[in-house]
Amino acid sequence: MKLAVLSREPSNYSSQRLVEAAEKRGHEIRIVDTLRCYMSIVAHRPSIHYMGEPLEDMDAIIPRIGSSITFYGTAVVRQFEMMGTHTLNSSLSISRSRDKLRSMQMLARKGIGLPITGFAHSPDEVPDLIQMVGGAPLVVKLLEGTQGIGVVLCETRQAAESVIEAFLGLDTNILVQEYIKEAGGADIRCFVVGDKVVAAIKRQAAPGEFRSNLHRGGSAAVVKITPEERKTAVRAAKIMGLQVAGVDILRSNHGPVVMEVNSSPGLEGIEMATGKDVAGMVIEHLIKEIGEKPKRVEG
Ligand code: ADP
Ligand code: MG
């Protein structure tokens, strides 16, 4: 098969592992810089060019779209879809999961456990917003944050009010969430491929920190997940429409709650901690999917 990884970072661990895993299985694979793709939007012959050449005979693409380029990146994926190229994760599923408000609404509607969460932009009554999600302690998040930046734990109602008011001054969307204290600074990353969790790790925050992000000094270890957690992760990925997803779960005393569903989950942390060939499982799933997809008939 002829495959392409859409990534801005050809030398990062995940990109390299996907290339290695595909080549090992006899496939041709290249890394394409998403932002350097340019496209012609015409009714009958949509095309994508890259470095002066058409990218036209790919069997499938593996989108790894960073959150800073979601808009252009999903347009490139959509263009491949219009050309009939198979994509590991669809443009629609990537857009959905990137929008935290939309994805939480979709998950809630399907009955997935979530932390009690409020969204706001310019509330007139901050105390009422705080009351709505059950009061302090709570976590306030900037909707656009990543790697734990813009995630603040407010222990008291006064602290929560001040933080929310400060964020409101920034004219941004915020999320106000029940603090899952019993998670003890840990979350579970479930790596979903198709309808299975193929690997899971527990990320534990550094002492004195509640955010478990590896970028914030968290550490990762292999974890055995419960059947309920497994089911929740698989269902969450399915609701988003993602074939490959990193589903982040907190262990709350009202069961597993989903914090986030990531459409380009990193491979390094999970492969290192579990010793599993996750990249290989991704490639094998993709190849199986291409085989099962009915050939598109032009005309
Ligand atoms: P980011 O997208 O920046 O990683 P997250 O929403 O994933 O932001 O939050 C970062 C970390 O903070 C999580 O991995 C988790 O450890 C912790 N955290 C986030 N929300 C909560 C919450 N409601 N209760 C307890 N811990 C939380
Ligand atoms: Mg996170």
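What follows draws every value from the coordinates through simple rules; no lab data is involved. Only a predicted model underlies this, so the values are computations on that prediction, with no experimental measurement involved. No Cβ is skipped: glycine too gets one built from the backbone with ideal geometry, and neighbour counts run over all protein chains shown.
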**Prompt:** Long-range amide H contacts for Val5: which residues qualify at under 5 Å (H placed 1.01 Å from N, peptide plane, sequence gap of 5 or more or a different chain)?
**Reply:** Arg30, Ile31, Val32, Ile62
**Asked** In what sequence do Thr74, Thr156 fall when counting other Cβ within 10 Å, fewest first?
**Response** Thr156, Thr74
**Asked** Any idea how far the Cα center of the range 232-299 sits from the one of the range 1-74, in Å?
**Response** 18 Å
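Grab the beta carbon distance between Leu142 and Glu53, set R0 = 41 Å, and tell me the FRET efficiency rounded to 0.05. Write out the running numbers ahead of the final one.
Details: r = 40 Å, r/R0 = 0.98.
E between Leu142 and Glu53, to the nearest 0.05, is 0.55.
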**Request:** Order by neighbour count: Leu267, Leu250, fewest other Cβ atoms within 10 Å first, most last.
**Result:** Leu250, Leu267
**Item:** Long pairs among Lys141/Lys196; Lys196/Lys288; Lys2/Lys238; Lys224/Lys288; Lys202/Lys288; Lys196/Lys238, criterion Cα-Cα beyond 21 Å
**Value:** Lys141/Lys196; Lys2/Lys238; Lys224/Lys288; Lys202/Lys288
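Just add up the charged neighbours of Arg17: K/R +1, D/E -1, any other residue whose Cβ is under 14 Å from the Cβ of Arg17.
Working: positive: Lys24, Arg25, Arg64, Lys276; negative: Glu9, Glu20, Glu23, Glu268, Glu271, Asp277, Glu284.
After counting each charged neighbour, the total is -3.
Cα gyration tensor of the range 182-284, axes a ≥ b ≥ c as square roots of the eigenvalues: rounded (a/c below 1.5), prolate (a/b > b/c) or oblate? List each step's numbers first, then the result.
Working: a/c = 1.87, a/b = 1.26, b/c = 1.49.
Oblate is the answer for the range 182-284, as a/c is 1.5 or above yet b/c matches or exceeds a/b.
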**Message:** Going by Cα centres, the range 82-119 and the range 148-214 are how many Å apart?
**Reply:** 18 Å
**Message:** Order these by the 10 Å Cβ neighbour count, fewest first: Ser14, Ser122.
**Reply:** Ser122, Ser14
